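Taking it in order: structure first as structure tokens, then the write-up.
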Amino acid sequence: MATNKQARLSEDIKKELIDVIKALKDPRLEGGLLTVMHVDVTPDLDVAKVYISVIGKENGTIEAVEALTHATGHIRTEISKRMHIRKAPAFRFIEDAGSAHATRINEILGELKSE
């Protein structure tokens, strides 16, 4: 169970991550709606798992994970500066398949409705 400190830090990191990602100039991050779904911080505050999703671009989430993994050092530095923390957690970007499943379910429901 996440402590209050972990939950607060997760939400703060999520807010700052959104701003940092918007400022990145990587073509793999363009063309689609990139969403930071959730951030999980380990109890020792050493690692943050960031679940992301891209809607509106085929294979967009995979490309976004690659781009963000490539820019991890820059992102970590920016988060550390913006949040005024001595050591930002190491980021692990993970594809969140939940939104893809929801989209597929909506498509199936739409097909059933039209029949």
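The values are calculated or read from the model by the stated rules, or taken from the named source; none is laboratory data. For clarity, every value in this text was computed on a predicted model and none was experimentally measured. Counting neighbours? That spans all protein chains shown, and the Cβs are built from the backbone with ideal geometry, glycine included.
Quick notes
- The set of residues in region 3-20 being under 12 Å from I75 (Cβ atoms), surrounded by 14 or more Cβ atoms within 10 Å (Cβ to Cβ) and aliphatic (A, V, I, L, M) consists of I13, L17, V20.
- Of all the criteria given as (1) modelled with pLDDT under 90; (2) surrounded by 14 or more Cβ atoms within 10 Å (Cβ to Cβ); (3) part of a helix (DSSP H, G or I); (4) touching a strand residue (DSSP E or B) at 6+ places or on another chain (Cβ under 9 Å), the one not satisfied by V65 is (1).
- Filtered residue count, region 58-73, keeping only those that are closer than 18 Å to I18 by Cβ and either without any contact (Cβ under 8 Å) to a residue 24 or more places away in the chain or out of contact with any helix residue (DSSP H, G or I) (no Cβ under 8 Å at 6 or more places or on another chain) (or both): 5
Listed here are the residues, each with its yes/no results for (1) surrounded by 15 or more Cβ atoms within 10 Å (Cβ to Cβ); (2) in contact with a Gly (Cβ under 6 Å, 6 or more places away or on another chain); (3) within 18 Å of I18 (Cα to Cα); (4) not hydroxyl-bearing (S, T, Y).
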position	(1), (2), (3), (4)
V47	no, no, yes, yes
I52	yes, no, yes, yes
F91	yes, no, yes, yes
N106	no, no, no, yes
L109	no, no, no, yes
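- Given (1) part of a strand (DSSP E or B); (2) of a type in the set (G, A, S); (3) touching a Lys or Arg at 6+ places or on another chain (Cβ under 9 Å), index of the condition S53 fails: (3)
- Against the numbered list (1) farther than 25 Å from N106 by Cα; (2) of a type outside the set (V, I, T); (3) without any contact (Cβ under 8 Å) to a residue 60 or more places away in the chain, G32 comes up short only at (1).
- Looking only at region 1-13, and only at residues there that are assigned to a helix (DSSP H, G or I), closer than 24 Å to A97 by Cβ and hydrophobic (A, V, I, L, M, F, W, C), the one that is farthest from the chain's Cα centre (by Cα): A7
- Matching residues, region 1-21, being touching an Asp or Glu at 6+ places or on another chain (Cβ under 7 Å) and hydrophobic (A, V, I, L, M, F, W, C): V20
- Once region 14-34 is narrowed to residues that are assigned to a helix (DSSP H, G or I) and among the hydrophobic types (A, V, I, L, M, F, W, C), the residue that is modelled with the lowest pLDDT is L29.
- Test: residue in region 83-101 that is in contact with a Phe, Trp or Tyr (Cβ under 6 Å, 6 or more places away or on another chain) and at pLDDT below 90: yes
- For region 21-35, a residue qualifies if it is buried (at least 19 other Cβ atoms within 10 Å of the Cβ) and under 11 Å from the mean Cα position of the chain (by Cα), and the qualifying residues are I21, L34.
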